[in-house]
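Only one structure is covered here, and it is reproduced in the block below.
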């Protein structure tokens, strides 16, 4: 993601082949491109086993480097260890501003936490079955089912009904807590600040989980919040502000 200049974040993309599907490769890399440049793309597994054969076309097409890791003992995942060691080596070079960890395995929870401790961003990608500790250890976690759904849907994604959104206590509480933290004395909060606060509370939050492409669309669909679009101070754009209808009826 550009930070106001032409510079883009350098990202290290590390994929656990045992806990990811080849079909996610294209939408995964398209999503990662929103955050920066994938300077390193590596995938880990025992490539002597037939179950990873489906990865070969994707690796060739997208220049992903396969890292071989033999299974020394049945029942032990040597792949995880190899990926963790490589991640730490890359972290200590100081060349990367973010890591993309692609797995649904909770074994990478401590790795994500350690990278964060170094002040480096961690983006996680995994299935919705991913254990909560790993999800919470990342700055942002994107469910791969959402990415796959986007590739299948040529039109608008299937949105949750308004009534279901309003009954989703977790979603509504996330908005209200974030709004409270980011609001001014009149109760208005800038949408971007609300979104940033929500991500701190719930790294797995994504409007696409509810069938909406943008946060603003989801806010309006809930119909519990006032929305005000204002001209920015520099006059060159517009910003969206929201506040809780319940407190300002």
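Wholly within region 22-138, which strands (runs of 3 or more DSSP E) include no fewer than the required count, namely at least 1 residues that are surrounded by fewer than 18 Cβ atoms within 10 Å (Cβ to Cβ)?
Because the criterion is at least 1 residues that are surrounded by fewer than 18 Cβ atoms within 10 Å (Cβ to Cβ), the strands (runs of 3 or more DSSP E) in region 22-138 that meet it are 37-45, 65-68.
Looking only at strands (runs of 3 or more DSSP E) that fall completely inside region 140-249, which ones have 1 or more residues that are touching a residue at least 24 places away in the same chain (Cβ under 8 Å) and not assigned by TED's automatic domain parsing to the domain that holds residue 125?
Answer list for region 140-249: 225-231, 238-244.
The values are calculated or read from the model by the stated rules, or taken from the named source; none is laboratory data. This is a predicted model, so every value here is computed, not measured. Positions of Cβ are backbone-derived with ideal geometry, glycine not excepted, and every protein chain shown enters the neighbour counts.
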